[in-house]
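Here is the structure we will look at, set down as structure tokens.
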Amino acid sequence: MTKSALKHPIQLLYEIEQQCKKTAKGLPQRVDVKESWTGIGFRIGGLNLVAPLKQVNEILHYPRLTAVPGTQRWVKGVANMRGTLLPIVDLQGFLHNKPLSQTLKSRVLVVKRDELSVGLVVSEVLGLKHFQDHEKVTSVNRFDEALRSYVHGAFKQNGEEILVFSMYALADNPLFFQVAV
């Protein structure tokens, strides 16, 4: 019989515990987690913007549309999204009265505000963007006047200013509902 077979089971467990403690790696030190602001980065034309994450419900590829006669040029049409009609609007067309050139990178950001659901066509979605408090900008160097009502802050990251675009401010603007020609 081996020596360990003669040991009491509690003694054996104690020795195993001591051996584990000797060879165990230490736990990682607690690192202070810094709060960050997260949004969806997107581009219209050559302008990089970011929308608060909670204001974008979904990101879609450009859907098949049905035109709606008698509407502004920036109203692209309606799409059937899982049985619900979703109006699709060209965001650049609305803001700058210049239609967006649709490419393979074009996407639709779905915004829901109260009873309103709308899809906003953008040039490209840049994905989730995370910003730290120290990246917040107090004054913006370059500002597009058409965006004034919709920009609610900015961040500077990697030398580039990124404006925070409020989808809710857009949805609350009465001009956004004047779609009839």
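No value in this document is a laboratory result; all are computed from the given coordinates. None of these values were measured; they are calculated from a predicted model. As a convention, Cβ positions derive from the backbone with ideal geometry for all residues, glycine included, and neighbour counts pool all protein chains shown.
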Find how much the distance from Q19 to Q178 grows on full extension, using 0.36 nm per residue of separation minus their present alpha carbon separation; answer in nm with one decimal.
49.7 nm
With θ set to phi - 60°, apply the Karplus curve 6.51 cos²θ - 1.76 cosθ + 1.60 along the range 114-120 and write out the HN-Hα couplings as whole Hz, x wherever there is a Gly or Pro.
6, 8, 8, 10, 8, x, 10
Just the Kirkwood number for the range 36-177, please: inverse of mean 1/r across all distinct Cα pairs, in Å, one decimal.
15.5 Å
Once phi is turned into ³J(HN,Hα) by the Karplus curve 6.51 cos²θ - 1.76 cosθ + 1.60 with θ = phi - 60°, what whole-Hz value does each residue of the range 84-95 show in order, with x for glycine and proline?
10, 7, 10, x, 10, 10, 7, 4, 5, x, 5, 6
Once the piece of chain linking K7 and H130 is laid out straight, how much longer is it, given 0.36 nm per residue of separation minus the C-alpha distance between them?
38.6 nm
Between E161 and L104, the FRET efficiency computed from the C-beta separation at R0 = 22 Å comes out, to the nearest 0.05, as 0.20
Fewest-first ordering of M167, M81 by Cβ atoms within 10 Å yields M81, M167
The chain: most fluctuating residue of K76, K136, K22 per GNM, C-alpha cutoff 10 Å:
K22
